[in-house]
1. Restricting to region 58-77, name every residue that is more than 24 Å from Q88 (Cβ to Cβ) and assigned to a helix (DSSP H, G or I).
2. Which one of G15, G55, G46 is of a type in the set (G, A, S), assigned to a loop (DSSP other than H, G, I, E, B) and open to solvent by less than 10 Å² (accessible area, probe 1.4 Å)?
3. Identify, from the list E186, E101, E204, E163, the residue that is outside any helix (DSSP H, G or I) and either out of contact with any strand residue (DSSP E or B) (no Cβ under 7 Å at 6 or more places or on another chain) or under 16 Å from S59 (Cβ atoms) (or both).
4. Looking only at residues in region 104-121 that are assigned to a helix (DSSP H, G or I) and in contact with a helix residue (DSSP H, G or I) (Cβ under 8 Å, 6 or more places away or on another chain), which one is farthest from I215 (Cα to Cα)?
5. Looking at P278, P258, P284, which is the one that is modelled with pLDDT under 90 and either surrounded by 10 or more Cβ atoms within 10 Å (Cβ to Cβ) or in contact with a Leu (Cβ under 9 Å, 6 or more places away or on another chain) (or both)?
6. Determine, yes or no, whether A201 is open to solvent by less than 70 Å² (accessible area, probe 1.4 Å) and within 13 Å of the chain's Cα centre (by Cα).
7. When you scan region 143-151, do you find a residue that is modelled with pLDDT under 95, not in a helix (DSSP H, G or I) and not hydroxyl-bearing (S, T, Y), even just one?
8. Being open to solvent by less than 40 Å² (accessible area, probe 1.4 Å), of a type outside the set (F, W, Y) and part of a loop (DSSP other than H, G, I, E, B) narrows it down to one of A124, A93, A176, so name that one.
Amino acid sequence: MLDSDHDDIHPLFSGAPSTTEFKKLRKRLIRDTREAIDRYGMARKGDRWLVCLSGGKDSYTLLAALTELQWRGLLPVDILACNLDQGQPGFPATVLPEFLERMGVPHRIEYQDTYSIVVDKVPAGRTYCALCSRLRRGNLYRIAREEGCSAVVLGHHRDDILETFFLNLFHGGKLATMPPKLVNDEGDLMVLRPLAHVAEADCEKFAQAMNYPIIPCDLCGSQDGLQRQQIKGMLDEWEARSPGRRGKMFSALMSARPSHLLDPELFNFSGLFPKDAPSDPRAPDGD
């Protein structure tokens, strides 16, 4: 449990507002992050995590929450923050190294020009996200192995997970989303999302209150009409009409009932019969 009267804080929280509202926000972030870590069995004592830091509000929140938990003895892992500079024109390369040095956070900064590859390979008018993400993930896996890390830790939050669910539903024809914990295809690294229970609005409020040096993603953020943005707008509209709708939908993702869906790979429908019925009522009498 967090001690609300404890004045000692990690440097990542230095300068934090002293308002009651911010204290509640901070406690909620830490509580929700710890809940996801415990619920999905993410942490093993002695593990080393590569915490991916893009410079956006979500990754700053992720780093702060994990560092707070580690600092209070509630997260028994080593943390190595990592930023992958992908060579985007105008990227402020000194912002994150200076921030991490000032905060006393162990880190690695890696430069790999994936930007040129993405711009060259993706046809005009198409979105960059898929290829950009794939190249970034490959580099992060490599760095994790080089640094002896057992997990690549990402800053995806509750709203990212919901948006991905609806993207798969509307455009992919499947019920799937970003899992909070998975093992990569090679089987040697975990991919973790400790902010899985954290609302995007909380990340935004927290990063703004802390005045963290936000670095926008100009590569995909400059492209209009992204399907994810359309989904986000739809969810925003639903939330405005019925406050709490996002929370209800997220709860549904944690309460799946295979017997009430239609996938015979998840539930044995062909073997389901009334208690006193023959094993196969289609068979003739005596067979």
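The values are calculated or read from the model by the stated rules, or taken from the named source; none is laboratory data. Because the structure is a prediction, the values reported are computed rather than measured. All Cβ positions, even for glycine, are placed from backbone atoms using ideal geometry, and neighbour counts span all protein chains on display. Just the protein is used for accessible areas: all its heavy atoms, side chains included, with ligands, DNA and RNA removed. Shrake-Rupley method; radii C 1.70, N 1.55, O 1.52, S 1.80 Å.
1. Just the residues of region 58-77 that are more than 24 Å from Q88 (Cβ to Cβ), to begin with: 64-77.
Within region 58-77, A64, A65, L66, T67, E68, L69, Q70, W71 meet the criteria.
2. Details: G15 fails: open to solvent by less than 10 Å² (accessible area, probe 1.4 Å); G46 fails: open to solvent by less than 10 Å² (accessible area, probe 1.4 Å).
After applying the criteria, what remains is G55.
3. E186
4. Taking region 104-121 first, the residues assigned to a helix (DSSP H, G or I) are 114-121.
Among the residues that remain, those that are also in contact with a helix residue (DSSP H, G or I) (Cβ under 8 Å, 6 or more places away or on another chain) are: 114-115, 117-118, 121.
On the way: T114: 17, Y115: 16, I117: 21, V118: 20, K121: 25 Å.
Per the criteria, the residue is K121.
5. Values: P258 fails: modelled with pLDDT under 90; P284 fails: either surrounded by 10 or more Cβ atoms within 10 Å (Cβ to Cβ) or in contact with a Leu (Cβ under 9 Å, 6 or more places away or on another chain) (or both).
Going through P278, P258, P284 in turn, the sole match is P278.
6. Numbers: open to solvent by less than 70 Å² (accessible area, probe 1.4 Å): yes; within 13 Å of the chain's Cα centre (by Cα): no.
Answer is no for this residue.
7. Taking region 143-151 as the starting set, the residues that turn out to be modelled with pLDDT under 95 are none.
Checked against the condition, which is being modelled with pLDDT under 95, not in a helix (DSSP H, G or I) and not hydroxyl-bearing (S, T, Y), region 143-151 yields no hits at all.
8. Details: A124 fails: open to solvent by less than 40 Å² (accessible area, probe 1.4 Å); A93 fails: open to solvent by less than 40 Å² (accessible area, probe 1.4 Å).
Exactly one of A124, A93, A176 is open to solvent by less than 40 Å² (accessible area, probe 1.4 Å), of a type outside the set (F, W, Y) and part of a loop (DSSP other than H, G, I, E, B), namely A176.
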